[in-house]
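A short write-up of the structure that comes next.
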Amino acid sequence: MARVLCALVAILALGMTACGGSAAPSGGAALRVTLSEFKFAPDRWEVPAGTPVKLELKNGGTVEHDFVVEKANVKVSAPAGRTVEKTVGALTAGTYQVLCSIPGHKESGMVGTLTVK
């Protein structure tokens, strides 16, 4: 009976792990970011180098915002009140500035830092 119970617990644990709802692509990382006037929340992120990154951008603001990773060719736009998901390719190690490229938004403080290790 104890063996059956242990086996059942192990199977359930594996099932919950497999269906854990991770937003990351297989072998990748996930970033969930809320955009608003005029900030990213959070505004600092860390992801592993060499793996795809799934972005989930929730625009809680009243105007369009975007998420631009300078020097990494990443730009994802999110209309007001919408959530947008996009998986971007693997990034190389380094520290990148993130900003909203809508005119005036960066200057209003809509910036962040992405560290890729």
Exercise. Residue check: is THR17 open to solvent by 90 Å² or more (accessible area, probe 1.4 Å), modelled with pLDDT of 95 or more and not in a strand (DSSP E or B)?
Worked result: no
Problem set entry | Condition check for GLU107: within 20 Å of ARG44 (Cβ to Cβ), open to solvent by 40 Å² or more (accessible area, probe 1.4 Å) and of a type in the set (Asp, Glu) | yes
Exercise. Only one of these conditions is not met by VAL76: (1) β-branched (Val, Ile, Thr); (2) in contact with a Lys or Arg (Cβ under 8 Å, 6 or more places away or on another chain); (3) open to solvent by less than 60 Å² (accessible area, probe 1.4 Å); (4) touching a residue at least 24 places away in the same chain (Cβ under 8 Å). Which number is it?
Worked result: (4)
Problem set entry | One residue from VAL98, VAL84 being touching a residue at least 40 places away in the same chain (Cβ under 8 Å) and of a type outside the set (Phe, Trp, Tyr) | VAL98
Exercise. Limited to segment 105-117, what total is found for residues that are part of a loop (DSSP other than H, G, I, E, B) and over 17 Å from THR34 (Cα atoms)?
Worked result: 2
For this session: For segment 26-67, name all the residues that are open to solvent by 60 Å² or more (accessible area, probe 1.4 Å), within 19 Å of LEU91 (Cα to Cα) and without any contact (Cβ under 8 Å) to a residue 40 or more places away in the chain.
Result: SER26, GLY27, ARG32
For this session: Sort out which residues of segment 83-104 are loosely packed, with under 14 Cβ neighbours inside 10 Å and assigned to a loop (DSSP other than H, G, I, E, B), and write them in order of number.
Result: GLY89, THR92, ALA93, PRO103, GLY104
Problem set entry | Complete set of residues in segment 70-82 that are outside any loop (DSSP other than H, G, I, E, B) and under 17 Å from GLY104 (Cα atoms) | LYS75, SER77, ALA78
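The values are calculated or read from the model by the stated rules, or taken from the named source; none is laboratory data. These numbers come from a predicted model, not from an experiment. In this analysis, Cβ positions are derived from the backbone assuming ideal geometry, glycine residues included, and neighbour counts consider all displayed protein chains. We work out accessible area using only protein heavy atoms, side chains counted, and drop any ligands, DNA or RNA first. Shrake-Rupley method; radii C 1.70, N 1.55, O 1.52, S 1.80 Å.
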